[in-house]
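First up is the structure itself, then whatever we jot down about it.
The values are calculated or read from the model by the stated rules, or taken from the named source; none is laboratory data. Because the structure is a prediction, the values reported are computed rather than measured. FYI the Cβ positions are ideal-geometry reconstructions off the backbone, even for glycines, and counts take in every protein chain you see.
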Amino acid sequence: MRFLRTEEQREFARALDGMLGASGVPAAARAWAAGEHKPGRALWARIARAGVFGLAVPERHAGAGLLPVELTVAFVELGRHAVPGPVVETVASAAFLDRLGEAGAAGAAAAGEWLPRIAAGDAVLSLAAGAPYALDADAADAVLVVEGDTVRRTDAHGPVQPSLDPARRLSRPLGGTVLARGPEVSAAAAHARDLARLATAAQSLGLGRALLAATVAHVKQRTQFAVPLGSFQAVKHRLADALLALELAEPLVYAAALAVAAGARSAGREVAAAKAAAGEAGYVTARTALQLHGAVGYTEELDLSLWIRKARPLRDAWGTPTECRARVLAG
């Protein structure tokens, strides 16, 4: 099993990093939080042109095929730049529709309608699977709601609820049309949940890396008692703890991606382990960043807040650490 990224994967990451760095993501995230989706949809289109959403769509629907490792590489970069919107939910919807399409005519029709649009960046989907709220239903072209062995499609939703991360807009999906019923729905939802957990773990890992880099740069230039803040042993220990958590989580995330790619029976457990580790690592790093930036870390005007406020929601999205550890122990 090879954990090192290939040169092609590293180049893909560098290209995404450069593209996102030049795309004004903080401004798009602030607009998204205010309910203005135009900058975010423009960013979405650029991400789609880079091929990110096609990594969750099979070739027969104009995608690149389900490539979990490359998808993980991409979502680390999306997390590193705090990209707003239901990016995880859209790729999870693609995985759900693809698996459902293999099981019957109703699912095949929905897959044929939505998967090419997802790959092209023309469709934003949200997915609520066993949860009362859907992420960014107000911005999505459709919401897929899975309840037991039934899935329905809706574009109606209740009022937006407050979230710790203002760019994560939650609302209850309402009504809708039943797309399919049966055990194949539950199986497709389980597959989609694993992919959502993997993508969220990758986001948490990228988020943590960005926060650690910003905090290290800050403590090098901020002085106290006429010496850099980073020279104090207590500060070094906090940063070392954050780095260690991220370093331990990274191989778990890529091992889980390899397990999903191979269709391994252990994939669900490995994804859950990666999600728990990466979510906790991102959250630990966010707390460290907040403490070491001091009072300035609390200000909404500072772009750092866009990253800090994502850490806790990402830790708990698609499975809290407790739920993920229970999945690991269940075997």
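Couple of notes before you dig in:
- Selection status of A74, surrounded by 17 or more Cβ atoms within 10 Å (Cβ to Cβ), under 14 Å from the mean Cα position of the chain (by Cα), modelled with pLDDT of 95 or more and assigned to a loop (DSSP other than H, G, I, E, B): no
- Residue match in region 216-229 (condition: of a type outside the set (A, V, I, L, M) and surrounded by 23 or more Cβ atoms within 10 Å (Cβ to Cβ)): no
- Yes/no for A139 being part of a loop (DSSP other than H, G, I, E, B), surrounded by fewer than 24 Cβ atoms within 10 Å (Cβ to Cβ) and aliphatic (A, V, I, L, M): yes
- Picking from residues in region 13-42 that are in contact with a Gly (Cβ under 8 Å, 6 or more places away or on another chain) and of a type in the set (A, V, I, L, M, F, W, C), the one that is farthest from D98 (Cα to Cα) is A31.
- Residue selected from region 271-290 under the condition out of contact with any Lys or Arg (no Cβ under 7 Å at 6 or more places or on another chain) and surrounded by fewer than 24 Cβ atoms within 10 Å (Cβ to Cβ), by the criterion farthest from L306 (Cα to Cα): A273
Here is a yes/no grid of residues against (1) at pLDDT 95 or above; (2) part of a loop (DSSP other than H, G, I, E, B); (3) surrounded by fewer than 23 Cβ atoms within 10 Å (Cβ to Cβ):
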site: A42; (1), (2), (3): yes, no, yes
site: A48; (1), (2), (3): yes, no, yes
site: L78; (1), (2), (3): yes, no, no
site: G85; (1), (2), (3): yes, yes, no
site: L97; (1), (2), (3): yes, no, no
site: A106; (1), (2), (3): no, no, yes
site: A110; (1), (2), (3): no, no, yes
site: W114; (1), (2), (3): yes, no, no
site: A123; (1), (2), (3): yes, yes, yes
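- Which numbered condition S163 misses (of (1) closer than 23 Å to E323 by Cα; (2) crowded, with 19+ Cβ neighbours inside 10 Å; (3) touching a strand residue (DSSP E or B) at 6+ places or on another chain (Cβ under 8 Å)): (2)
- Number of residues in region 168-183 that are surrounded by 15 or more Cβ atoms within 10 Å (Cβ to Cβ), modelled with pLDDT under 95 and at negative phi equals 2.
- Failed criterion for P26 (all others in (1) modelled with pLDDT of 95 or more; (2) buried (at least 18 other Cβ atoms within 10 Å of the Cβ); (3) under 17 Å from the mean Cα position of the chain (by Cα); (4) not acidic (D, E) hold): (2)
- Taken across region 241-256, residues that are in contact with a strand residue (DSSP E or B) (Cβ under 8 Å, 6 or more places away or on another chain), touching a residue at least 60 places away in the same chain (Cβ under 8 Å), surrounded by fewer than 23 Cβ atoms within 10 Å (Cβ to Cβ) and part of a helix (DSSP H, G or I) do not occur at all.
- Matching residues in region 173-219 - criterion: being of a type in the set (K, R) and in contact with a helix residue (DSSP H, G or I) (Cβ under 8 Å, 6 or more places away or on another chain): R193, R197, R209
- In the condition set (1) in a helix (DSSP H, G or I); (2) under 21 Å from the mean Cα position of the chain (by Cα), G319 is compliant with all but (1).
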